[in-house]
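A short reminder: the numbers here are calculations on the coordinates, not readings from a lab. Computed from a predicted model, the values in this text were never measured in an experiment. As a convention, Cβ positions derive from the backbone with ideal geometry for all residues, glycine included, and neighbour counts pool all protein chains shown.
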Amino acid sequence: MYIFIEMPSGIKILLDAEPTERLENIKVKIQEIAGTPPERQQLYFDGQALRGNITLADYGIRNESTLTLSNISDISSLHYFDYTVQSGDSLWLLAQRFSTTVDAIKSLNGLTTDRIYIGQMLKIPLEIENPLPSPGYFNYTVRSGDSLWLIANLFGTTVNAIKALNNLTDDMIFVGKMLKIPDEFANLPPPLPIVRPTLRIGDTGLHVAVLQAQLHFWLFMPGPMDGIFGPLTQRAVMAFQRDRVLVADGIVGPLTWAALFDYSSIGWNHTG
């Protein structure tokens, strides 16, 4: 089967995997492609942090599932994205659209009035909720063939740590018993929303290459997929924007990015 790994940059990579393949092996494959060491990788599936060295099938991961990768040392560095003011915008409308407040936008941008103008670049705050601290463990149901030693090795902990957390006085466990497993990732925040920069003609780099790949997917040909936002890419962006009933200004902001990764019209449920 094949699974998608969504990188912190927003790019998706395709991995050949088996349902019985273990998580650590997937991390090694990611390292071979992206260079990120396994110990710095935190993978999520359907909002759940994947822990321990168990199989993809154990987490219900099937063909064409998408896993999200966060680099553990890189979490929580970005708290806003850039937005270019368009015709008809107001601070109130922007605050409603992006789930923030007028005061938050004004504070972040040093504004003293509510006046904005077309083409102005604004920083829009990301409203990231602070979840309650985790209790420091997660639950695991004992299966046939399990032992405390096997479970400890599976989840990267120790027999004594499991026994202490569960008030066990011996090593005996039984099928169906619910155990608390010490959680090394207990208080990691969830992965940040993917934030893509506003792009315009003259820009270069990885995000431009992602843009060109998405335009090509939707059959709006941007010219060479070389990471250079030139006239051909601008023309393709404007054609795409007109097709999606967006402002056809050739500038790729949050609304255009969202449309580029909206697969609902073709029945996919991948997220971008």
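Things to note:
- Under 5 Å, built H, 5+ apart or other chain: amide partners of Gln41: Ile72
- Remark: the stretch 218-223, residue by residue, has Karplus-estimated 3J(HN,Hα) of 8, 6, 9, 6, x, x Hz, where x stands for each Gly or Pro and the curve is 6.51 cos²θ - 1.76 cosθ + 1.60 at θ = phi - 60°.
- ³J(HN,Hα), Karplus 6.51/-1.76/1.60, whole Hz, each residue of the stretch 164-172, x for Gly, Pro: 5, 5, 9, 6, 8, 9, 9, 8, 7
- Estimated inter-spin distance, His216 and Arg200, nm [label 7 Å along Cα→Cβ]: 2.6 nm
- Residues whose amide H comes within less than 5 Å of that of Gly227, counting only those at least five positions distant or on another chain, are Ala209 (H built at 1.01 Å from N in the peptide plane).
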